[in-house]
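Comments concern the structure below.
We did not get these values from a lab; they are worked out from the coordinates using the rules stated. Just so you know, these numbers come straight off a predicted model, no measurement behind them. In this analysis, Cβ positions are derived from the backbone assuming ideal geometry, glycine residues included, and neighbour counts consider all displayed protein chains.
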């Protein structure tokens, strides 16, 4: 399953107003560590389908959201619930780290 594509224009409706937790991967095409976690995001999208919305936001094409959330280094992954940041993960980390943080927000 492919992760959702967040943009500056759909972010409020798709992320902040989501009725399930949301995982946003802030990335860019030129970012090596971002490419390293891309397969993890696809796995998570399949694993949590229907329970958590997993998506990616290209910081080069959607700078407003990145600036709003103070994203200075990528990859940065935010986990939101009810429109509020519950977890922030910076850098390429193992899949288990994402699972642990997502499960914490779900429970």
**Prompt:** With each run of n ≥ 4 DSSP H residues scored as -39500 (n - 2.57), what mean residue ellipticity at 222 nm is computed for the chain after dividing by its residue count and rounding to the nearest 500 deg cm²/dmol?
**Reply:** -9500 deg cm²/dmol
**Request:** Given the peptides 92-98, 50-56, arrange them by the average over their residues of other C-beta atoms within 10 Å, most packed first.
**Result:** 50-56, 92-98
**Prompt:** What percentage of all Cα-Cα pairs in the chain are separated by more than 20 Å?
**Reply:** 29
